[in-house]
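To start, the structure under review is shown below, and the notes come after it.
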Amino acid sequence: MWKLTGLRLIRLPQLILPQHHIKSILFTRNPSIVLIPNYVHIHSDTSSSLPVLIIGGGIAGLTLARACTIAKIPFKLFEQSTQLQSDKRAGTGIGLWGPALRALYTLGITDKLYSKGQLMICAGYRDSHTGNWLAKPHPLINSFTSCLCLLRGDLQSALLDSLDPEHIHTNHKFKSINLKSKSVIITFENGLNYSGSLVVAADGINSAVRNKLKFEIQPVYCGYSYWRCIINYRSIEPSLSFSQSDPTTAFESWGPGARFAYVPLQPPNAFWFVSEKMTNPTLKSNELTKFELKTKFCNWHAPIPDIIGATDSNELLYTPIYRIEFPWKQWADVRSRVVYIGDSAHAIPPNLASGGMLAIQDSLQLASELRTVYAVHEANHIKFDSALEQYVQKRKYHIKLVQLASHAIAAIGQISNTTLIYLRNFIIQAIPFTIRSSIFNRLHRVALGWNYTVPNLGQGLYARALGCSEFEKLPELLQLFHCEQTEVRTHECKGTATVKRGPSWLSRILAGVGGAPPPAQNAEVSVTIQQHADGSETWTRYFYYLHPNRIHKFETIQFLENDHLIETIGHSILPIKMQFLFHLKSIPAGFQHQLKSCRLSIYNSSFFSITIPRFLLPSVTGITEITESGKSWKFDVTVSAPVNKLTRWLMNDMNCYIGGYSGEIQTFSKPNITQAFSIKQNNHSSLKTGSSAGQFYTQVRSYCTNTYQPYSHSAASYPCLPVNLGYTAKILVLGGYGLFGARIASQLLAKGYTVWIAGRHHSEEIKLEILQQANKHVVEQDQLIDKRLYSILFDLHATDQLQEQLLKLKPSIVINCAGPFQCQNYHVAETCVQHKIHYIDLADSRAFVTTFPHKLHQQALQSNVTLISGASTVPGLSSTVCLELSKQYLSKVEMINIGISPGNHTRRGLGTIQSILSSTGKPFKWLINDQMTTIYGWQALNLSYLFDSKLHLRWLSAVDVPDLELLPKLFPSAHTITFRAGLELSIIHLGLWALSWLVRIGLVSDLSKYAEILKTISEWNWFRNAGTDVGGMFVQIQGIGKDLNSKLTITWQLYAGSGDGPQIPATAAVILVDKLMHNNPMSPLHHGAHSCVGLFTISEFMAELKHFDIHCRVFIQ
């Protein structure tokens, strides 16, 4: 903090002052600087990192603060008390069921809790008179199906100790809230103000925030009250009143209109409570209450009378039980930027000891949803609505179920009528005890949500599986490798591996069915890991074999379910997957996988699955250990069949060994590892190029320096504008609010151009997204970048409006992204010619692109301008790849097959859908066996492999593109040229294939008329939640090699992850703008009208994509 003669120097935009402090501001010569007296408290953050403001320092608030710390979400927590917990006995005991313990385990605080609590089985229910068990759970204690009982203050202390005190503010009582355009300001009764992006009300059942904003929602009395206390059970034990009950066993007894519960805490303490029906909740003196309780419960079974008698009256606490009837739709108020969690949203009677568990789960789920906002959108208002909606949707059903179960326990357990009590007990006890126990266990597990998976907070999959404390015990290299990095979603490691198989024929069959690699000694191995936004990971292993020259690919998907790490094997096109459930535990130098169970699953669902019987379960163990150098690790995976007489006889092996592989990983591509250990980033030059194996690897990986690294900049690429152009180069992007136009605009802004985006409808959100993306990719920090983005509204199909805007703006280049182009004419390009403006479009219409030069070439030459059509994936990129690959590897091209498939999560533009539907079911011609054969759009189904990482084996269908007419002219020797496209989800792709038949037989004239309806259907949650954000493309060329003897197949593959697929069709236009503005004499761009064929290189294209999760490679067969 700067100080000057008792004054503090601060910047004016950060001021948030109470009204009575305004007069104390003294302006200096710099109008953006003010001098403030030291007693004035200023609390604000820059707009790019506004914190989440948490009101309430209870369990919900502290858990959310801890989750925000892990998820790297800025926050401030406010508590009205002077201390967060002054008395650790305040609030008495709390029960943490398995799901809550799993959540706290991920947060890294369970070690402290286990040392201060008592782990117990679920409390059963007993008859108040006889003490007989009405329902008793299975006597199994483990960390996930049992309850940890401890003092509420101990839990608060453990959470508080894990937080930075700088973010905790006590003695702050909430007063009011004010909403600004992109922030919210809260005021406290001490006069201080704080600005943030979101307010989280975690201040309990009597929430001050809710009372201020939702004053009509007040607590409702449930009709009964609680008395509770903590005792020393050893003071009762000598009386032998525990003869029917172990003092460390919890129970709940049901009697006329009341319930009594006993819960052991850390020895020798125990917690008890009484629930009794009361029409009027009145507070009596503790001595009178204790006397009344002793009188009422004197005839209940032992040790209940002695427990009440041993209670200190001063320790007795009375609480009337209330609930909150708060509609779930109002738990998150996007308009006022307030979200409610814990008891402030859904206070539940503590009949299942579930309030703390629900508050903890609320906090983690909210932090998980907010993480996506802060990671991608820097806490602006763009995606808060979807994040909060997801939070509510994912929490409402479980909370509703617990509410119903809690009310049912009170209703059944507190029956007052003696006849009904007798009938209840008779019905329950008539069921055999084992069946009764099984039913009780199942109902209890369902009600409390035992199948709970901790939401992703960005720690990384293995950190979630091991827990924060265990993960931190791993060697540094393993921590860095398995932690999640938002900016690096895909990374790679390499090393060597020895693969072994068992000696018997059965072991070879089982290994082959499981997709295991063939035996090898010290084979080169590379592993590609793609981390997905939901926390799952795709592991693709490549084993390189020298004799014969080939590659074995083994891909699995890993994700977390409950407390198990699930690894899935199976082709993405097939519905049935094999899922292995591993228990992951840390060992001194690494961690170990131990197989617990295995199941066959349909579409990776745990609900539609069949568990393999234990007698058929194989034994799978995987060990990962760091080496002595600390800069590499060794791995060892062993698989054995179930050991029994039959398998020993069939396999002729006492150990029933199936196979396995072991080796060492030595090189890594992840930036955080290379920075920490100075390990050279992995590329193909590190392979053994001196041997024939090295030559093979180099040939396989030619055309890209690394499987997941873009091309380096070539001399012909232009990362930024030269100084002499400055900001004078003005680019007009038609359709700039669309899917591709917005991406083009952001890339051009990052390069220093002044950009005008035009459309028929204005969207401030898209404009803000363009600025954010541009700021991420800008070469040098540009404070004026937002001054170079302008928007304008007009209809480009109205020639007079277009003429008017071109005269007014005088742009250097017009980029037309306003598709579809199937039904457009050339009036936009012709208007640009008239005003001597360069023109580029993203057309993919066959007729539009192929006839473009014939229609406009002479006009363009006369006006000295360049017009380019098809600056997109097709034909721009596809033709470039065909030309470069054929030139480098082939003397004669015989066949070209091209395929493309976007990820299902990738945003779809209406124009793109209309373009696809316009040719669906309609005839067109392509080259097959030297004949131009008629084919119908979206037919000629084919299953094809694309890239890896969920991209293999997708359905593709024939589509009509300019390449089918342009490529036969470029490669007259080719006898077959095809182009197919596909959708990731088989059900959508095959559904569109079925619709194509309606067009083909004449029942429907044109599907493009139904584009909006079909787009809406494809965006239903059922479809949107399926699939991935990964897309890809391949270009396969067959022909005669340069030696004129060998027949080669060259396959170029392009991978697009993290939803970056739409950047591919948007990149060609950016490259061409650079070429036109730089007037490079070596550039193939000349005045005239051209189809976009061979106008840039692959290296230039990939250099533009260096900031995105887009990569390419080449295979030669």
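From the set of residues in segment 834-870 that are in a helix (DSSP H, G or I) and among the hydrophobic types (A, V, I, L, M, F, W, C), which is farthest from V814 (Cα to Cα)?
Restricting attention to segment 834-870, the residues satisfying the condition of being in a helix (DSSP H, G or I) are 834, 846-863.
Subset that is among the hydrophobic types (A, V, I, L, M, F, W, C): 847-849, 852, 856, 860-861.
On the way: A847: 21, F848: 17, V849: 17, F852: 16, L856: 16, A860: 14, L861: 17 Å.
If we take residues in segment 834-870 being in a helix (DSSP H, G or I) and among the hydrophobic types (A, V, I, L, M, F, W, C), then A847 is farthest from V814 (Cα to Cα).
Report yes if some residue within segment 884-901 is touching a residue at least 24 places away in the same chain (Cβ under 8 Å) and assigned to a loop (DSSP other than H, G, I, E, B); otherwise report no.
No.
Across segment 213-222, what is the total count of residues that are modelled with pLDDT of 90 or more and surrounded by fewer than 16 Cβ atoms within 10 Å (Cβ to Cβ)?
The qualifying residues number 2.
Is it the case that segment 672-689 has a residue that's at pLDDT 80 or above and aliphatic (A, V, I, L, M)? Spell out the reasoning first.
Initial filter on segment 672-689 (at pLDDT 80 or above): 673.
From the residues that got through so far, the ones that are aliphatic (A, V, I, L, M) too are 673.
Checked against the condition, which is being at pLDDT 80 or above and aliphatic (A, V, I, L, M), segment 672-689 yields at least one hit.
Identify the residue in segment 549-605 that is surrounded by fewer than 17 Cβ atoms within 10 Å (Cβ to Cβ) and β-branched (V, I, T) and, among all such residues, is modelled with the lowest pLDDT.
It comes out as I573.
Looking only at residues in segment 425-437 that are of a type outside the set (A, V, I, L, M) and without any contact (Cβ under 8 Å) to a residue 60 or more places away in the chain, which one is nearest to I341 (Cα to Cα)?
Among residues in segment 425-437 that are of a type outside the set (A, V, I, L, M) and without any contact (Cβ under 8 Å) to a residue 60 or more places away in the chain, the one nearest to I341 (Cα to Cα) is T434.
Of the conditions (1) at pLDDT 90 or above; (2) surrounded by 16 or more Cβ atoms within 10 Å (Cβ to Cβ); (3) among the aliphatic types (A, V, I, L, M), I236 satisfies every one except a single condition; which number is it?
(1)
If we keep just the residues of segment 192-203 that are touching a helix residue (DSSP H, G or I) at 6+ places or on another chain (Cβ under 8 Å) and not in a strand (DSSP E or B), which is surrounded by the most Cβ atoms within 10 Å (Cβ to Cβ)?
Taking segment 192-203 first, the residues touching a helix residue (DSSP H, G or I) at 6+ places or on another chain (Cβ under 8 Å) are 197-203.
Remaining after also requiring not in a strand (DSSP E or B): 197, 202-203.
Details: S197: 26, A202: 33, D203: 28.
Out of the qualifying residues, it is A202.
Is there any pair with a first residue in segment 914-926 that is touching a residue at least 12 places away in the same chain (Cβ under 8 Å) and over 24 Å from M895 (Cα atoms) and a second that is of a type in the set (F, W, Y) and buried (at least 20 other Cβ atoms within 10 Å of the Cβ) whose Cβ atoms are under 7 Å apart and which are 6 or more apart or on different chains, and what are they?
T920/W938; G921/W938
Any residue at all in segment 989-996 that's free of Cβ contacts under 8 Å to residues at least 24 places away in the same chain and among the aromatic types (F, W, Y)?
Let us first name the residues in segment 989-996 that are free of Cβ contacts under 8 Å to residues at least 24 places away in the same chain, namely 991, 994.
Imposing the further condition that a residue be among the aromatic types (F, W, Y) reduces the set to none.
Checked against the condition, which is being free of Cβ contacts under 8 Å to residues at least 24 places away in the same chain and among the aromatic types (F, W, Y), segment 989-996 yields no hits at all.
Just to confirm my filter: which strands (runs of 3 or more DSSP E) fall fully inside segment 20-83 and include at least 1 residues that are at pLDDT below 50 and over 16 Å from V373 (Cβ atoms)? Step through it out loud before you land on a result.
Numbers: elements: 33-37, 52-55, 75-78.
Where strands (runs of 3 or more DSSP E) fall fully within segment 20-83 and carry at least 1 residues being at pLDDT below 50 and over 16 Å from V373 (Cβ atoms), they are 33-37.
Which condition does I94 not pass, out of (1) outside any strand (DSSP E or B); (2) closer than 13 Å to T63 by Cβ; (3) not basic (K, R), if it passes all the others?
With respect to (1) outside any strand (DSSP E or B); (2) closer than 13 Å to T63 by Cβ; (3) not basic (K, R), I94 is out only on (1).
Tell me which residues, restricted to segment 239-271, are at pLDDT 90 or above and not in a strand (DSSP E or B).
Hits for segment 239-271 are P256, G257.
Quickly run through segment 399-444 and pick out the residues that are surrounded by fewer than 18 Cβ atoms within 10 Å (Cβ to Cβ) and within 27 Å of the chain's Cα centre (by Cα).
Result: K400, L401.
Applying the selection to segment 964-978, what residues are over 15 Å from S886 (Cα atoms) and either in contact with a Lys or Arg (Cβ under 8 Å, 6 or more places away or on another chain) or part of a helix (DSSP H, G or I) (or both)?
Result: L964, E965, L966.
To keep it simple, each residue is scored yes or no on (1) at pLDDT below 80; (2) surrounded by 21 or more Cβ atoms within 10 Å (Cβ to Cβ).
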| position | (1), (2) |
| --- | --- |
| T498 | no, no |
| R501 | no, no |
| S504 | no, no |
| I509 | no, no |
| Q521 | no, no |
| Q530 | no, yes |
| A533 | yes, no |
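Name the single residue, out of those in segment 1002-1020 being out of contact with any helix residue (DSSP H, G or I) (no Cβ under 8 Å at 6 or more places or on another chain) and of a type in the set (V, I, T), that is modelled with the highest pLDDT.
If we take residues in segment 1002-1020 being out of contact with any helix residue (DSSP H, G or I) (no Cβ under 8 Å at 6 or more places or on another chain) and of a type in the set (V, I, T), then I1013 is modelled with the highest pLDDT.
Are there any pairs, at least 6 apart or on different chains, whose C-beta atoms fall under 8 Å, with the first in segment 275-286 and at pLDDT 80 or above and the second hydrophobic (A, V, I, L, M, F, W, C) and part of a helix (DSSP H, G or I), and if so, which?
Pairs that qualify, where the first residue is at pLDDT 80 or above and the partner is hydrophobic (A, V, I, L, M, F, W, C) and part of a helix (DSSP H, G or I), are S275/A410.
Here is a check on your reading of the model: is V874 under 14 Å from A1089 (Cα atoms), among the aliphatic types (A, V, I, L, M) and in contact with a helix residue (DSSP H, G or I) (Cβ under 7 Å, 6 or more places away or on another chain)?
Values: under 14 Å from A1089 (Cα atoms): no; among the aliphatic types (A, V, I, L, M): yes; in contact with a helix residue (DSSP H, G or I) (Cβ under 7 Å, 6 or more places away or on another chain): yes.
So V874 fails the test.
Would you confirm whether any residue within segment 175-184 is assigned to a strand (DSSP E or B), hydroxyl-bearing (S, T, Y) and over 32 Å from the mean Cα position of the chain (by Cα)? Give the steps one after another, and end with the answer.
We begin by selecting, within segment 175-184, every residue assigned to a strand (DSSP E or B); these are 175-179, 184.
If we keep only those that are hydroxyl-bearing (S, T, Y) as well, we get 176.
From the residues that got through so far, the ones that are over 32 Å from the mean Cα position of the chain (by Cα) too are 176.
Yes, some residue in segment 175-184 is assigned to a strand (DSSP E or B), hydroxyl-bearing (S, T, Y) and over 32 Å from the mean Cα position of the chain (by Cα).
Can you tell me how many residues within segment 790-833 are modelled with pLDDT under 90, touching a Leu at 6+ places or on another chain (Cβ under 6 Å) and either outside any helix (DSSP H, G or I) or of a type in the set (S, T, Y) (or both)?
Total satisfying the criteria: 2.
Picking from S872, S918, S886, S891, which residue would you name as being within 16 Å of P962 (Cβ to Cβ), modelled with pLDDT under 95 and surrounded by fewer than 24 Cβ atoms within 10 Å (Cβ to Cβ)? Give the steps one after another, and end with the answer.
On the way: S872 fails: surrounded by fewer than 24 Cβ atoms within 10 Å (Cβ to Cβ); S886 fails: within 16 Å of P962 (Cβ to Cβ); S891 fails: within 16 Å of P962 (Cβ to Cβ).
After ruling out the rest, the residue left standing is S918.
The values are calculated or read from the model by the stated rules, or taken from the named source; none is laboratory data. Because the structure is predicted, anything quoted here is derived from the model rather than measured. We place every Cβ from the backbone using ideal geometry, glycine too, and count neighbours over all the protein chains shown.
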